[in-house]
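Written out below as structure tokens is the structure these notes cover.
The values are calculated or read from the model by the stated rules, or taken from the named source; none is laboratory data. From a predicted model like this one, the values you see are computed outputs, not experimental measurements. Cβ placement follows ideal geometry from the backbone for every residue including glycine, while neighbour counts extend to all protein chains displayed. Ligands, DNA and RNA are stripped out before the accessible areas are found, and what is left, the full protein with its side chains, is counted by its heavy atoms. Shrake-Rupley method; radii C 1.70, N 1.55, O 1.52, S 1.80 Å.
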Amino acid sequence: METILVIGSGPIVIGQAAEFDYAGTQACKALREEGYRVALINSNPATIMTDRETADVVYIEPLNVDFCERVIARERPDGLLPTLGGQTGLNLATQLANGGVLDKYGVRLLGTPLSAIQQAEDREQFRRLMREIKEPVPESWIIESPDQLEAILDTVPYPCIIRPAYTLGGTGGGIAEDRETLWETGLKGLQLSMRSQIMIERSLLGWKEVEYEVMRDSKGNCITICNMENFDPMGVHTGDSIVVAPSQTLSDIEYHMLRTASLKIIRALGIEGGCNVQLAVNPNGFDYYVIEVNPRVSRSSALASKATGYPIARVSAKIAVGRTLDEIENQVTGTTKACFEPALDYCVVKIPRWPFDKFPNADRSLFTQMKATGEVMAIDRSFEAALMKAVRGLEIRQKDLKHPKYESMDDDGLRRAIAKPTDERLWAVAEGLRRGWGVEEVNRLSKVDKWFLQKISHLVGIERRLVEAGKLRGEGEDLSSLIAEAFLIGYPSASIRRLLGVESDDSPFGQVAKAEIERQKIMPVFKMVDTCAGEFESQTPYFYGTFETEDDALELRKAT
Amino acid sequence: MVLGSGPIRIGQGIEFDYSCVHGVWALQELGYRAVIVNNNPETVSTDFDTGDGLYFEPLTLDDVLDIVAHENPIGVVVQFGGQTAINLAQGLADAGVPVLGTSPEAIARAEDRDLFDRMLVELGIPKPAGRAVRSFAEAETVTQEIGYPVLVRPSYVLGGRAMEIVYDHDRLEEFYSEAEDANPGQPVLVDKYLLGQEAEVDVISDGETTLIPGIMEHIERAGVHSGDSMAVYPPVSLSGAVQAEIVEASCRIARALGVKGLMNIQFVVVDERPYVLEVNPRASRTVPYLSKITDVPMVQLAVGAMMGRSLADAGYESGLWGGGALGKPGTIAIEPGSGPVSLQAPRFYAVKAPVFSFQKLTKVEPSLGPEMKSTGEILGIDRAYETALYKALVASGISFKPSGFVVLTVNDRDKHAAVSIAKELVAKGYLIASTRGTHDTLEAAHIRSTRVLKIEEGSPNLLDLIIAGEVALMINTPGEELREEVEAARIRRVCIEMEIACVTSIDTAAALAHALDVFEHPEKATCLPYHEYLR
């Protein structure tokens, strides 16, 4: 085999952002390392993957069957790698296969077989498989026509979730509280689905949502890259949810139960490459449901790659051309193989970035249809510090957990804001805790796990003490130990100054406080993201800052 | 140390990550150790093997200063990470950190309206009348001096946020306060709104030599945000004189500011005169496009200029690059008397088109205006303008359904242009449907059109026609009258929900009409590796 065709994901749209440039670039590099000639088609030239240095031959042409066929006719590739260009790439590859184009030109699909992709993406086939391997799936109905939709309006348990098949980022989905909404949203979903197919599903609102990134090679070796837990419980698209890696609120039994399930699923499907498994976990018991599987590289796998240092797209591309996990080198350590499961000795928080600052009249509520355009990730040794870093990295007006809109809201309004997922719910939750409503009450309203709420309570507690100390002008608790505590939990000096109210205060107290902030300010050390929590020697210059003593970055620089 | 551009948002997309990654590589090629600071997990810049070091940290001044203290770099590059990075320039300089390339003082001079205006006046380069104001009363005074329509916008914000064209005094206060709220404490800019042809350039300068890789001509007229406009390289309608003046003005601005690296300048051309609309002293979202289609390694040259290498030593002279589509590598002289055709006979045309995500954002009004709404962009490149347009339209998701009406409902200013578009459509055998005003105009021009009722006129109406699936394409341009706009906005929104292509600028519609022939015969478009178009 000589030439491999890679299909990119096209323009940036909500649900398909830069992660596929990252994946595609890695894949092209990996394939060329293996000695293949790479031909690429993508309509988006603002990508590294469309550089002439990345692929051997680059077509900047529209991503449709017509142009793909012309590229195939011209390049005569031996193989096509369909799982790295997002849903766009996968849909196009499916159309090319089903339309006979691949057979006509003798192009072989690489990696996960098309039948496995269809089995993962077609709800009915997927459910049948899950029943065979005894993995629980929520009761649901597959609907392919308005007549079928009408027939089930009275049998479905409300609230229920509507998910169209074969669309980007859950487009056209929604939650229906009553039969009228189900009828309207269902009709729209039928239209948007490439297959005219939607699924109506029992609602698991309020359950924990957990994802596992798993990887399998053609010989059946399987590993878990990492798992991730959504801060927002079930009901919010994972692309619109605050996500933490690794999971923080699962017991060891739950963690392994879900890991075993994920590996069993990837084996049963026969995936060759990376795959994402989404599960719902009962917060009050040990039962769970399998929600869905993405049989390809995704936004979640980009996040998992950055969160662990494990290059999922690169390894997936190598697996697609027949390499196995025990052969592929772990580039990060340089000493281990790709079959080692990454270990994390830090906490990662992702927060989505939404476009509502530009669209003040848009509907800000979050549900199964993704609305975020991008995301930030933050790494630190505690959830609190990582959360604070992620918040201030969003480049929105809020630099910490205070938000004037919620501070001035009456109690009833705030209760509704905590109960209803929006882009600003984090700040509403913090305000509820600030008002002393307690973790129990805020959990009852939001269904956000109590562990997360306790951590936010901790942050809000420090904040309250800083504000109090500012008001008492140094008369209350010891200012210097309070400032030290604030630094350690992740408040940057700008926030401490703001909370003490001394930003532009040149009174004696203001000067003392600012001098104390400067004196107490700890310089962060920079720790390494090495995929193995320090178990093996590693020389990767990938760092995050934290307030500790041992500095990996300095040591690496000395060593090299 | 290269600062990244943070999370992807409207106005600051993947284009900036492209520049950051190339910035890192260019520094490495020059023998430097290049580290990157960014917090976006989706990108190539945060791949652990892109730079010599990756700091996965927020891009706030405090966090960046901590990393600077730790790494002690010889300098920080703020030009590639969009507004996120450039906004840190002054703070870094104040903390004594060397900022590489264009100085923070020059950045401030380009971004501070009063300073910039003064510089343009000194250089004798025209710009639309207007200035920065700090109160509504002052805004009223300026408006009285320059007359309506005016463009009202906040200063120092991305992507045209809270930017509006104001046609009368009634709405001035509303839009003034919106602009004020968008960036509190900063002045609001009030300028004469000039309806003309927009054009933009990205330039590379070392302070002495200034290279303009190419001029991009916008397809939509001024008033549509540059990020939401289709744009074509090389220009198809700008005269030689105008192009020469754009090149001349760009070189002088770069020299006056002392640009070392990249800069983007936007112009509006009225009566053969280019007026400067805006200058961004950094890499813009068009850098990756122009780099690819002109074959000028823009980021690499910019990094060289930042690190003290002259463009002259790299073999470049001041002026317009004649390579790329123009086929004459080297700086070319433009004959002021020449029209666009004699200037070029280009090897290809490259058309950039925006892509929107309105499907996902319920209740968002999809018509185009000064506020940017697109989330991404694509490029159509081909030997002929028509086929390049076709590719851009198809790749951005605009298509005709196989059967049904092309609906035209346009505002009064667009009625004239609508007639010629309708003529082309009818000649190709399309059926036209239109609402009363447009229908009367078409009838007067002897163009057959089926009249449909507006929603307020009863039923069956336009909405019913759309829902019945009988609309192949919607051309609907926004008007000024609020009552009519409410209905028009609803129509556009329904089109989005029904996945019917909805064109909201008459210029986009004209481009579409221009490419109709290729829609019928897609085989007229070629399909080649992009570097072969450059040959």
Simple SL model, points at 7 angstrom along Cα→Cβ for A:Asp363 and A:Asp103; separation in nm is 4.3 nm
If I model a spin label at A:Gln398 and A:Lys450 as a point 7 Å from the Cα along the Cα→Cβ vector, what separation in nanometres do I get? 2.4 nm
What do you get for the angle between helix A:479-489 and the principal long axis of chain A? Use alpha-carbon atoms, 0 to 90 degrees, nearest ten. 10 degrees
Around A:Lys358, under 9 Å between beta carbons, what's the net of Lys plus Arg minus Asp minus Glu among the other residues? +1
In what sequence, highest mean first, do A:138-151, A:275-288, A:347-360 appear when ranked by Cβ atoms within 10 angstrom? A:347-360, A:275-288, A:138-151
P(r) for region B:2-100: what percent of alpha-carbon pairs falls in each 10 Å bin, starting at zero? 17, 55, 27, 1
In whole Å, what are the Cα extents of chain A along the three principal axes, biggest one first? 82, 67, 44
How shielded is A:537-544 by partner chains, expressed as the average number of their Cβ atoms within 10 Å of its Cβ atoms? 5
Other protein chain Cβ atoms within 10 Å, averaged over every residue that makes up B:28-39: 2
Residue mean of other protein chain beta carbons inside 10 Å, B:59-69: 4
Loop-located chymotrypsin sites (Phe, Trp or Tyr not before Pro) in region B:167-211 whose Cβ has at most 16 other Cβ within 10 Å (DSSP): B:Tyr167
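Please work out how much length the chain gains when fully extended from A:Arg435 to A:Arg32, using 0.36 nm per residue of separation minus the C-alpha to C-alpha distance, in nm with one decimal.
139.3 nm
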Let's test the formula: R0 of 41 Å, r as the Cβ-Cβ distance of B:His416 and B:Glu317. What FRET efficiency results, to the nearest 0.05? 0.40
In this structure, among A:Lys402/A:Lys527; A:Lys208/A:Lys420; A:Lys402/A:Lys514; A:Lys455/A:Lys521; A:Lys447/A:Lys527; A:Lys264/B:Lys360, pairs with alpha-carbon gaps over 26 Å are A:Lys402/A:Lys527; A:Lys447/A:Lys527; A:Lys264/B:Lys360
Given the peptides B:141-151, B:229-239, arrange them by the average over their residues of other C-beta atoms within 10 Å, most packed first. B:229-239, B:141-151
Over region B:399-523, the quotient of the Cα radius of gyration and 2.2 N^0.38 Å is 0.97
For region B:25-117, listing trypsin sites (Lys or Arg not before Pro) in a DSSP loop whose Cβ sees at most 16 other Cβ atoms within 10 Å gives B:Arg33
Whole-Å distance linking the alpha carbon centroid of region B:125-172 with that of region A:507-552 is 46 Å
How much FRET efficiency would the formula 1/(1 + (r/R0)^6) give for B:Glu499 and B:Lys428, where r is the Cβ-Cβ distance and R0 is 22 Å, rounded to 0.05? 0.45
Apply the Karplus parameterisation 6.51 cos²θ - 1.76 cosθ + 1.60, with θ equal to phi minus 60°, to every residue of region A:89-101 and state each ³J(HN,Hα) to the nearest whole Hz, in sequence, with x for glycine and proline. x, 5, 4, 5, 4, 5, 5, 5, 5, 5, x, x, 5
Tell me which residues come under 5 Å, amide H to amide H, from A:Ile291 once H is placed; ignore anything under 5 positions away on its chain. A:Gln278, A:Leu279, A:Ala280
Provide a list, ordered by number, of residues in region B:395-411 showing at least 30 Å² less accessible area with every protein chain present than when their chain is taken on its own, using a 1.4 Å probe. B:Ala395
Roll a 1.4 Å probe over the protein heavy atoms and report the accessible area of B:His22 in Å², nearest 10. 40 Å²
Work out from phi, with θ = phi - 60° and the Karplus expression 6.51 cos²θ - 1.76 cosθ + 1.60, the ³J(HN,Hα) of each residue of region A:259-269, listed in order in whole Hz, and give x for Gly and Pro. 5, 4, 4, 4, 5, 4, 5, 5, 5, 4, 6
Quick one: pull the percent of accessible area on chain A belonging to carbon and sulfur, 1.4 Å probe, ligands and nucleic acids left out. 47 percent
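Express the relative contact order of chain A as a whole percentage, based on alpha carbon pairs under 8 Å and six or more residues apart in sequence.
Over chain A, the number comes to 12 percent.
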At a threshold of 8 angstrom on Cα-Cα distance, excluding pairs fewer than six apart, so keeping six or more, what relative contact order does chain B reach in percent? 12 percent
In the neighbourhood of B:Ser103 defined by beta carbon distances under 12 Å, the net charge of the other residues (Lys, Arg +1; Asp, Glu -1) is +1
Inter-site label distance for A:Asp66 and A:Ser481 at 7 Å from Cα along Cβ, in nm: 7.4 nm
Contact order normalised by residue count of region B:112-260, Cα under 8 Å, 6+ apart, percent: 21 percent
Using the heavy atoms of the protein chains and a 1.4 angstrom probe, tell me the accessible area per residue for the protein assembly as shown in square angstrom. 34 Å²
Looking at region A:113-142, which trypsin sites (Lys or Arg not before Pro) are DSSP coil and have at most 16 other C-beta atoms within 10 Å of their C-beta? A:Lys134
With θ set to phi - 60°, apply the Karplus curve 6.51 cos²θ - 1.76 cosθ + 1.60 along region B:300-312 and write out the HN-Hα couplings as whole Hz, x wherever there is a Gly or Pro. 4, 5, 5, 5, x, 4, 4, 8, x, 8, 8, 5, 4
Using a simple charge model, +1 on the beta-carbon of Lys and Arg, -1 on the beta-carbon of Asp and Glu, nothing else, what dipole does region A:3-110 show about its Cα centre, in debye to the nearest 20? 200 debye
Cross-link partners of B:Lys415 among lysines (Cα-Cα below 19 Å; sequence separation of 8 or more within a chain): B:Lys423, B:Lys454
Gyration tensor over alpha-carbon atoms, region A:3-110, equivalent ellipsoid semi-axes in Å: 19, 16, 12
Sort the following peptides by mean Cβ neighbour count (other Cβ atoms within 10 Å, averaged over residues), highest first: B:63-69, B:458-464, B:215-221. B:215-221, B:63-69, B:458-464
